[in-house]
Amino acid sequence: MRGAYLYLYLIIDVWSRRIVGWQIAERETADVAATLIRRTCAEGNVDPLGLVLHSDNGKAMRGNTDDLDLAVAGRDSLVQPPPCL
């Protein structure tokens, strides 16, 4: 596949440092990431509402972290945490 780019999506459990989900895609979008997160949560019996998401701030994720949170959780609006004192 000369001249083609593929994107590797990884979900890493920060506590165990294990890769718990992965996908290779031809495009870099928040939709692909949200689908991967939903699938990984379903396979591992994890409630997506309890997730804390972090992206590496790649091109497609820049400014879309809140949208990704909403898409994964199936919510219409974010509940903001209280400000740190």
Query raised in the report: Cβ-Cβ below 6 Å, separation at least six or inter-chain, first residue in segment 20-49 and surrounded by fewer than 13 Cβ atoms within 10 Å (Cβ to Cβ), second in a strand (DSSP E or B): which pairs?
Result: Trp22/Leu10; Ile24/Leu8
Report task. Can you give me the number of residues within segment 13-33 that are among the aliphatic types (A, V, I, L, M) and at pLDDT below 90? Result -> 4
Query raised in the report: Do the conditions hold for Ala60, that is, is it modelled with pLDDT under 85, surrounded by 11 or more Cβ atoms within 10 Å (Cβ to Cβ) and out of contact with any Phe, Trp or Tyr (no Cβ under 7 Å at 6 or more places or on another chain)?
Result: yes
Query raised in the report: Which ones in segment 3-17 are more than 14 Å from Ala34 (Cα to Cα), surrounded by 10 or more Cβ atoms within 10 Å (Cβ to Cβ) and not aliphatic (A, V, I, L, M)?
Result: Tyr7, Asp13
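The values are calculated or read from the model by the stated rules, or taken from the named source; none is laboratory data. None of these values were measured; they are calculated from a predicted model. Reconstructed Cβ throughout: ideal geometry from the backbone, glycine too, with neighbour counts over all protein chains shown.
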